[in-house]
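Q: Sharing a structure with you now.
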Amino acid sequence: MIITLVGYMGSGKSHVAKVLSQKLQLKIIDLDREISLKNKMTIPEIFAKKGEIYFRKQERETLHQLLNTHSAGILSLGGGTPCFYDNMETINQLTESFFLRASVGTLVTRLSSQMDKRPLIAHLNPEDLPEFIAKHLFERNVYYSKAKFTITTDGKNPEQVADEIWALV
Ligand code: S3P
């Protein structure tokens, strides 16, 4: 079984993946990490040197490669993965998908200290972050909500979120 974690940047996908992999004894497959290894560049470097369209193509190709070669694991996606091409259909066909839903307030709190590491928000003034996230999330929720399960994460730690997922698989 592959459990896929879907959600906006800062929704806790990586932390929850870590806890869940220990609980379920499944290995973590991190899509951004695989793209980074394949391209021998960090994600911000790929965006800066090759552009977002190149990144999205790599993301789709790597997603397919990973799903063709693994039959078990915790797959942690990038925040945009479900929103491009037919990625969400592929994910739902081959995996158990969980949307980690977080409010704009929670996301702003988590992301405001790490804007420089995130190419999509690195250029923003910190005071514009709440409006940017609110709009972006509104567009992306259409895709995220196609996940098979939705877990609300506000006020919960990764351990609690992982337990909720565990109870559903
Ligand atoms: C992105 C989210 C990032 C990474 C890239 C684009 C997005 O992953 O894939 O910077 O479009 O939301 P995280 O959600 O793990 O930060």
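Q: Per residue Cα convex hull volume for the range 114-169, in cubic angstrom? Provide the component values of the computation, followed by the final result.
A: On the way: hull volume 6.5 nm³, N = 56.
Looking at the range 114-169, the number lands at 117 Å³ per residue.
Q: In addition: Listed highest first by mean packing, meaning other Cβ atoms within 10 Å per residue, what order do 13-19, 40-46 come in?
A: On the way: 13-19: 21.3, 40-46: 15.0.
Going from most to least packed, we get 13-19, 40-46.
Q: Find the Rg to Rh ratio for the range 63-142, where Rh is the Kirkwood radius over alpha-carbon pairs and Rg uses the same atoms.
A: Numbers: Rg = 14.7 Å, Rh = 14.4 Å.
With Rg and the Kirkwood Rh in hand, the quotient comes to 1.02.
Q: Which of the aspartates and glutamates could be linked to residue 38 by a straight reach, that is with a Cα gap under 12 Å, when you skip same-chain ones fewer than 8 residues away?
A: 59, 61
Q: Could you size up the charge dipole of the chain around its Cα centre, putting +1 on the beta carbon of Lys and Arg and -1 on that of Asp and Glu, and report it in debye to the nearest 20?
A: On the way: 21 positive and 19 negative charges, 72 e Å.
Dipole about the Cα centre, nearest 20: 340 debye.
Q: Can you work out the base-10 log of I(q)/I(0) for the range 41-101 at q = 0.14, 0.19, 0.22 1/Å, using the Debye formula on its C-alpha atoms alone?
A: At q = 0.14, 0.19, 0.22 Å⁻¹ the computed log10 ratios are -0.42, -0.75, -0.95.
Q: Just how far, in whole angstrom, is the range 105-160 from the range 36-90 if you go by their alpha carbon centroids?
A: Rounded to whole Å, the Cα centres lie 19 Å apart.
Q: Something else: Please list, in chain and number order, the residues 5+ apart from residue 30 or on another chain whose amide H is under 5 Å from its amide H, with Hs placed from the backbone.
A: 76
Q: Next question. Just add up the charged neighbours of residue 101: K/R +1, D/E -1, any other residue whose Cβ is under 14 Å from the Cβ of residue 101.
A: Charge balance in the 14 Å sphere: +4.
Q: Hey, in the GNM for the chain with a 10 angstrom Cα cutoff, which one of 94, 124, 20 fluctuates hardest?
A: Result: 124 has the largest fluctuation of those listed.
Q: Treating cross-link reach as a plain straight distance, find the aspartates and glutamates whose alpha-carbon is under 14 Å from the alpha-carbon of residue 18, omitting any fewer than eight places away in the same chain.
A: Within the straight-line limit of under 14 Å, residue 18 reaches these aspartates and glutamates: 30, 159, 163.
Q: Still on this structure: For the range 1-110, what is the per residue volume of the convex hull drawn over the alpha-carbon atoms, in cubic angstrom?
A: It is 104 Å³ per residue.
Q: Hey, another quick one. If the only charges are +1 at each Lys and Arg Cβ and -1 at each Asp and Glu Cβ, what is the size of the charge dipole of the range 1-64 around the Cα centre, to the nearest 20 debye?
A: Around 100 debye, computed over the range 1-64.
Q: Taking each pair of different alpha-carbon atoms in the range 87-128 once, compute 1/r for the pair, average those values, and report the inverse of that mean as the Kirkwood hydrodynamic radius in Å to one decimal.
A: Mean inverse Cα-Cα distance, inverted, gives 12.6 Å.
Q: Contact order normalised by length for the chain, with contacts defined as Cα pairs under 8 Å and 6 or more residues apart; what percent is it? Intermediate results must be reported in sequence, preceding the final value.
A: Numbers: 227 pairs, mean separation 61.1, N = 169.
Relative CO of the chain lands at 36 percent.
Q: Which whole-Hz couplings ³J(HN,Hα) result when phi for each residue of the range 113-127 is put into the Karplus expression 6.51 cos²θ - 1.76 cosθ + 1.60, θ = phi - 60°, listed in order with x for Gly and Pro?
A: Taking θ as phi minus 60°, the curve returns 8, 10, 4, 5, 8, 10, x, 6, 10, 4, 7, 7, 6, x, 6 Hz for the range 113-127.
Q: If you don't mind, there's one more thing I want to ask. Can you give the translational diffusion coefficient of the range 29-169 in µm²/s, computed by Stokes-Einstein from the Kirkwood radius over Cα pairs at 37 °C and 0.692 mPa s?
A: Values: Rh = 16.3 Å.
Once the numbers are plugged in, D ends up at 202 µm²/s.
Q: If you roll a 1.4 angstrom probe over the protein chains with everything in place, what fraction of the accessible area of the chain belongs to carbon and sulfur, to the nearest %? Walk me through the numbers before you get to the answer.
A: Working: 4570 of 8590 Å².
Reported share for carbon and sulfur atoms: 53 percent.
The values are calculated or read from the model by the stated rules, or taken from the named source; none is laboratory data. What you see is a predicted model, and the numbers here were worked out from it, not measured in a lab. Here the Cβ is made from the backbone with ideal geometry for all residues, glycine too, and neighbour counts use every protein chain on show. These area figures cover heavy atoms from the full protein model, side chains too; ligands, DNA and RNA do not enter into them. Shrake-Rupley method; radii C 1.70, N 1.55, O 1.52, S 1.80 Å.
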